[in-house]
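Here the structure comes first, spelled out in structure tokens, and everything after it is commentary.
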Amino acid sequence: MRILPKSAFGQTVMLIGVLLLINQVVSYLSVTYYFIRPNYQQINSLIATQINMVFLEDVDYLDDNTQQRIYQATHIGIFDDAEAKQNGLNQAVYYQFFSRQISDLLGGDAEVRISANEPFLIWVNPPQDPSIWITIPMASFSEGDISPLTIYLLVIGILSVAGGWIFVRRLNKPLHALQVAALEVARGKVPAPLKEQGSSEIISVTSAFNQMSKGIKQLEDDRALLTAGISHDLRTPLTRIRLASEMLPEDQEWIKDGIVNDIEDMNDIIDQFIDYVRQDTRERRETLSLNDLIEEVVQSRNIEEHHHIDTELGSLPPAMLRKVAIKRVLDNLVENAFRYGSDNIMIKSGHDKRRKCVFVEVRDFGPGIPEERIDDLFQPFTQGDKARGSVGSGLGLAIIKRIVSLHKGTVALENHPQGGLVARVTLPIS
């Protein structure tokens, strides 16, 4: 278990708390040793002096008249055990601290008790005569109560920690906003400019982040415009080439088919460029069943006779998904499995209750991929022919990863122990 906090906020609060605790302990000990302790020593000395006066040689403390005169003059009472119990000895509280100090002053074992109710009486069983109890009134004894000092120090400590917490929280607030905005940028979104607040250092960092975010948005817009323009301009000559191929004589049909296939491949590559540039952030999330989307994709693939899909769909709760984007993910995974793996594939879905997410796995039965190449396939423009002898733009898995990341999910590839490749997509339920 980790005791020390990792965040700057927690470390600062802990530092303030430790320093205040040390300050409180030092203050408490200082007041105790330099204020309270001398007062108690003075009180104990006074009590011992008064007891010693009772045992002067010319004083018969056992005589009733003498006891009455002493009580009238000093309010000091002298009682035997029976009388002491009748006058509240049993209700008095024993104090070891006072007993030890009075014993040292009187030169023998003395027992000291203090009555719990007003008027406060100090009961002393003196070593000079253990058969009697001497009571000494202490009307102002309650003034020595240290509980107000404890409460005062406790309140000061709480207020100091609360003030430090508020200060650090105010300092941490713009940092937290900066962290959230940075995560949004990592997911491909461009957040609104952050409010520049806090200390001068935080304001400088926030201003730099706003400028960086603005620059990234400008780069994304320029890239989208450039890609869309190139894609649009390429389709026009491709269309003319296709029309021209239709003019070829019938004995050159094989040339026409080759041209048409190449044009279709180029159109597919252009579509992948457009899909990669498109952020898919405008599509609203809906409460959908992942199984329903899987079945739609499988149904659209059944028109290909040489392809076969087995499904093993578990019971799934509904999830917040972008329908078109997730269908594009599923379709790309199925297309990759057929193109690079085998004509027979397996689709499996499930629900991870502990992590509160749903998942889908697409497995082919092909040769698989070298382990050192798996991570590289998620990078844009990674050519598939380096992995499994294929051709393409290398944007399929990059598109999948971008869409899944937009849903705050994960995508992973791994070779199946029994052969083939498994692509696993995990999506949070909410």
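Quick one: longest stretch of the chain between exposed loop GluC sites (Glu not before Pro), exposed meaning at most 11 other C-beta atoms within 10 Å and loop per DSSP?
Numbers: sites that count: E57, E304, E305.
Result for the longest clean stretch: 58-303.
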(request) Return the FRET efficiency for the residue pair M320, D292: r is the Cβ-Cβ distance, R0 is 25 Å, and the value is rounded to the nearest 0.05. (result) 0.95
(request) Provide S430, S405, S115 ordered by accessible surface of protein heavy atoms (probe 1.4 Å), highest first. (result) S430, S405, S115
(message) If you average the alpha carbon positions of region 25-89 and of region 100-134, how far apart do those two centres end up, in angstrom?
(response) 7
(message) To make sure I understand the rule: partners must be lysines, Cα under 21 Å from the Cα of K323, and not fewer than 8 residues away in the same chain. Which ones qualify?
(response) K189, K348, K356, K401, K408
(request) Kindly write out, for region 330-340 in residue order, the coupling ³J(HN,Hα) from the Karplus curve 6.51 cos²θ - 1.76 cosθ + 1.60 (θ = phi - 60°), rounded to whole Hz, with x marking Gly and Pro. (result) 5, 5, 5, 5, 5, 4, 5, 5, 6, 6, 9
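Using a Förster distance of 41 angstrom, determine the FRET efficiency expected from the C-beta separation of Y28 and R284, and round it to 0.05. Walk me through the numbers before you get to the answer.
On the way: r = 61 Å, r/R0 = 1.50.
Plugging the Cβ-Cβ distance into 1/(1 + (r/R0)^6) gives 0.10.
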(message) At 222 nm, what value in deg cm²/dmol follows for the chain if DSSP H runs of at least 4 each add -39500 (n - 2.57) and the sum is divided by all its residues, to the nearest 500?
(response) -18000 deg cm²/dmol
(request) Leaving out ligands and nucleic acids, note down the accessible area per residue over the chain with a 1.4 angstrom probe, in whole Å². (result) 62
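Which percentage, to the nearest 5, of the DSSP beta bridges contained in the chain is antiparallel? Each step should come with its number before you reach the end.
On the way: 38 of 44 bridges.
Close to 85 percent.
Would you mind calculating the gained length between K173 and T49 on full extension (0.36 nm times residue separation, minus the Cα-Cα distance), in nm to one decimal?
Details: separation 124, 0.36 × 124 = 44.64 nm, distance 6.48 nm.
My answer for the length gained is 38.2 nm.
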(request) With N set to the residue count of the chain, report its C-alpha Rg divided by 2.2 N^0.38 Å to two decimal places. (result) 2.00
(request) Any chance you could run the full-extension gain for S204 through Y95? It's 0.36 nm times the residue separation minus the Cα-Cα distance, nm to one decimal. (result) 32.9 nm
(request) Compute the distribution of all C-alpha to C-alpha distances in region 52-115, in bins of 10 Å from 0, and list the percent of pairs in each, rounded to whole numbers. (result) 19, 41, 38, 1
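Give the Kirkwood hydrodynamic radius (Å, one decimal) of region 191-265, defined as one over the mean of 1/r across all pairs of different Cα atoms. It would help to have the intermediate numbers written out before the result.
Details: mean 1/r = 0.0602 Å⁻¹.
About 16.6 Å, per the Kirkwood formula over Cα pairs.
Under the 0.36 nm per residue contour assumption, what length would be gained going from the current alpha-carbon distance of L225 and D352 to full extension? Provide the component values of the computation, followed by the final result.
Values: separation 127, 0.36 × 127 = 45.72 nm, distance 4.03 nm.
Length gained between L225 and D352: 41.7 nm.
The values are calculated or read from the model by the stated rules, or taken from the named source; none is laboratory data. This one's a predicted model, so the numbers in the text were calculated from it and none came from an experiment. Positions of Cβ are generated from backbone atoms using ideal geometry, with glycine treated the same way; all protein chains shown enter the neighbour counts. The area values use the complete protein model at the heavy-atom level, side chains included, leaving out ligands, DNA and RNA. Shrake-Rupley method; radii C 1.70, N 1.55, O 1.52, S 1.80 Å.
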